Amino acid sequence: MTNPSAPPPPPQPPRPRRSGDRFLYVPLGLFGIGLLAIVAIFLTPILSDSDPALWLYLTAMLTPIGFILGVFFALWSGRRSR
């Protein structure tokens with residue numbers, strides 16, 4: 001049984017964010033931009049009856065780059081520090 005007159009323990013301060021957590025936004029952004037470019041590649045012939053521009057194909061290559069960087073971040077952040 002606990003003592004009801006005892007003061008509650010002080011709240012724990014929030015855990016500080018590591019500077020490496022900001023690196024996650026880079027792969028997510030690259031992956032998202034690449035996916036939007038892929039959607040635009042498929043929609044361009046439907047909406048304008050013309051071929052997609054070269055810059056859309058080059059932008060679509062950001063998708064695998066973002067994916068690889070995201071996997072790298074997951075492996076790097078999951079590593080235990082000694």
With only alpha-carbon pairs counted, each pair once and no self-pairs, how large is the Kirkwood hydrodynamic radius of the range 31-82 in angstroms?
12.5 Å
Spin-label zone in the range 51-68 - amide nitrogen under 19 Å from a point set 7 Å from the Cα of V39 along the C-beta vector:
52-53, 55-67
Could you report the accessible area of L24 in Å², rounded to 10, computed with a 1.4 Å probe on the protein chains as they sit in the structure?
60 Å²
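The values are calculated or read from the model by the stated rules, or taken from the named source; none is laboratory data. Only a predicted model underlies this, so the values are computations on that prediction, with no experimental measurement involved. We place every Cβ from the backbone using ideal geometry, glycine too, and count neighbours over all the protein chains shown. Surface areas here come from the heavy atoms of the whole protein model, side chains and all, with no ligands, DNA or RNA. Shrake-Rupley method; radii C 1.70, N 1.55, O 1.52, S 1.80 Å.
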